[in-house]
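Asks: Following this message is one structure expressed as structure tokens.
The values are calculated or read from the model by the stated rules, or taken from the named source; none is laboratory data. Nothing here was measured: the structure is a model prediction, and the numbers come from that model. FYI the Cβ positions are ideal-geometry reconstructions off the backbone, even for glycines, and counts take in every protein chain you see.
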Amino acid sequence: MTLVKTNNDFWFPSVIDEFLKPDFFGGKLSMGLEIPAVNIKETDRNFALELAAPGKKKEDFVIEVDDNILTISSEEKTEHVEENKEERYTRKEFGYSSFKRSFTLPDSVDEAHIKASYKEGILTLTMPKRKEALPKPKKMIEIA
């Protein structure tokens, strides 16, 4: 999660920059696999990351922070068996889906106090800023 936007007049370096990021696939892989979309918001006190993952349970997610990299992953296996003894057929369908998204955290994030919640298909991570990164109130200076 990089919060600094660069303005390159030449598109090629920006393409290379995108591929060197931990999450260079963005939202979709060319093989047809879906990676959930993400919204990232910043306020004066924290960052909020919202990941769209409908149909999952909170137990399906693994969230890790290691060496300033936030990683969100999920793996799901499904199996459906249908049998009809009278007509002598069996149908067995199975599926497998997984994703992994990684974000570089800004130095201003207090990693020890990151909180996560999952509600109505949205995984939300609230990442508070360190005290030294919080905005300071205006200070009035008297003229002597």
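Asks: Among the residues of the stretch 62-81, write down those that are farther than 30 Å from Lys92 by Cα and not hydrophobic (A, V, I, L, M, F, W, C).
Replies: Passing the criteria: Glu64, Asp66, Asp67, Asn68, Thr71.
Asks: Taking only pairs six or more apart or across chains, which ones have beta-carbon atoms under 6 Å, a first residue in the stretch 132-143 that is under 11 Å from Asp44 (Cβ atoms), and a second residue that is modelled with pLDDT of 85 or more?
Replies: So the pair list comes out as Ala133/Ser108; Pro135/Asp44.
Asks: Right, next: Pairs only if they're at least six apart or on different chains, beta carbon under 6 angstrom, first in the stretch 62-77 and at positive phi, second surrounded by 14 or more Cβ atoms within 10 Å (Cβ to Cβ); list them, first residue then second.
Replies: Qualifying pairs under 6 Å: Asn68/Leu105.
Asks: Continuing with the same structure: Would you check if there is a residue in the stretch 78-101 being surrounded by 14 or more Cβ atoms within 10 Å (Cβ to Cβ) and β-branched (Val, Ile, Thr)?
Replies: No; the residues of the stretch 78-101 include none that is surrounded by 14 or more Cβ atoms within 10 Å (Cβ to Cβ) and β-branched (Val, Ile, Thr).
Asks: Follow-up question, since we're still on this one. For the stretch 44-106, which strands (runs of 3 or more DSSP E) that fit wholly inside it have 3 or more residues that are more than 18 Å from Ile122 (Cβ to Cβ)?
Replies: In the stretch 44-106, the matching strands (runs of 3 or more DSSP E) lie at 61-66, 69-84, 89-104.
Asks: List every residue pair whose Cβ atoms sit under 8 Å apart, with the two residues 6 or more apart in sequence or on different chains, where the first one lies in the stretch 85-108 and is closer than 18 Å to Asp60 by Cβ and the second, anywhere, is in a loop (DSSP other than H, G, I, E, B) and modelled with pLDDT of 80 or more.
Replies: Within 8 Å, the pairs are Phe99/Ile35; Phe99/Pro36; Arg101/Ile35; Arg101/Pro36.
Asks: Here are some conditions: (1) over 30 Å from Leu134 (Cβ atoms); (2) under 11 Å from the mean Cα position of the chain (by Cα); (3) of a type in the set (Ser, Thr, Tyr). Ser102 meets all but one. Which one does it not meet?
Replies: Evaluating Ser102 over (1) over 30 Å from Leu134 (Cβ atoms); (2) under 11 Å from the mean Cα position of the chain (by Cα); (3) of a type in the set (Ser, Thr, Tyr) leaves (1) as the failure.
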